[in-house]
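Everything on this sheet refers to the single structure shown next.
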Amino acid sequence: MGAVKSKRMPRAVREQQMLDAAVQTFGQRGYMAASMDEIAELAGVSKPLVYLYLNSKEDLFIACIRREAKALVEAVRAGARPVLPADRQLWAGLTAFFTHTARHPDGWAVLHLQARTHGEVFAAEVAAMRADIVTFVTELILAAAREALPQALGCSPKLSPSLEQGGPPRAGRTPTDPHLPGGEVAGLAEALVGAAEALADWANSTPGVTARQASATLMNFAWAGLGDLMAGRPWSPPDGEGLDTGSGAEDAGAGAVVHAGRTSPVR
C-alpha cells in the first residue's frame, strides 16, 4: 500500500511528523518488529523520504529517544516550581512526571522498555536522561534538608555559608547537614527515581490510576520517611543487630530504636 501524498510542508514539521509515527510504531511494536515501511505509511510519506531525513532505522530510533527524553525532563522541571517548599516541588515534579508518561505511553515505552534493551548506544541515551532527573531529585532532597536543618538543630533559619552557596553535602554528620551524608543523598535520589519509573509502568497498565494518585502513592512511600530522616528520626534495626553504614563500629548496635512512620505531607 503506497504512502499517502500530502502538500509540501517545512522540513522541521515533516520530520516531527515522521518522529510521531516512529514513536508510535516503536512504542507499540518494539524496535525489532517495527519496520520503516510501517513508519513511512503512518507518517504519510515515502520510505525513501524517511531515509533521506533520518538516515537509518537506528538513527531514527535515537532521534525518537532524544526527543522523548527531552520532553520528559522539561515536563518534570517545569512542574516543580522553585518557589515552592521542597516537598511540594517534588510533589509537583512527580505529578508532572506521571502526567507526561500517562499522556505519552508510546514515548515512555520507547524510553523505559525499548531503548534499554536493544543496545548500548540506545541505553546510553536513556542513561543520560535518567542522570539529569536523578540530579534534579538530589537537588530537591538537599533543599529539603536545608529547610529541615534549623528545626533539627533548634537554631535560627539562617543557613550555613556552604548551604547558602549550594555546596555538596559533606560525608558524615556535620553542622551543615547532620542527617544526610552525601552517599546517602545519592542513594535516596536513585531509589526515588527507580520507584517512580516502576510506578509509571504500573499506573499506565492499571485502569483508573491517575497521575495524582500515583504521585501520592510515591510521596506516602518515600517522602514521609525522608521527613523523619531529616528531622533526626532515622529508622534503625533492633538492638544488637546494628546497621553497616561504613562509619565505624561506634554506629553498630548503638541503642537503635525503630521509629514508626509519620503521616505524609500529601493529602
Compute log10 of I(q)/I(0) for the range 1-130 with the Debye formula, placing one identical point scatterer on every Cα and leaving out solvent, at q = 0.16, 0.19 Å⁻¹, to two decimals. -0.80, -1.01
Taking 7 Å along the Cα-to-C-beta vector as the label spot, tell me the Thr117-Val13 distance in nanometres, rounded to one decimal. 3.7 nm
Take the range 2-72, drop everything but the C-alpha atoms, weight them equally and run the Debye formula without solvent; then report log10 I(q)/I(0) at 0.15, 0.16, 0.22 Å⁻¹ to two decimals. -0.42, -0.48, -0.92
Neighbourhood net charge (15 Å Cβ-Cβ; Lys/Arg +1, Asp/Glu -1) for Thr117: -2
How large, in percent, is the carbon and sulfur part of the accessible surface of the range 1-71 at a probe radius of 1.4 Å? 54 percent
What number comes out for accessible area per residue over the range 1-149 if the probe is 1.4 Å? Units Å², please. 49 Å²
For a protection proxy built on the mean count of beta-carbon atoms within 10 angstrom, sort 108-115, 69-76 highest first, please. 108-115, 69-76
In order through the range 195-208: 3J(HN,Hα) via Karplus (6.51 cos²θ - 1.76 cosθ + 1.60), integer Hz, x for Gly, Pro: 5, 5, 4, 5, 5, 5, 4, 5, 5, 6, 9, 10, x, x
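The values are calculated or read from the model by the stated rules, or taken from the named source; none is laboratory data. The structure displayed is predicted, hence computed values, not measured ones. Heads up, the Cβs are rebuilt from the backbone with ideal geometry, glycines too, and the neighbour counts pull from every protein chain shown. Protein only, heavy atoms only, side chains kept; ligands, DNA and RNA dropped before computing areas. Shrake-Rupley method; radii C 1.70, N 1.55, O 1.52, S 1.80 Å.
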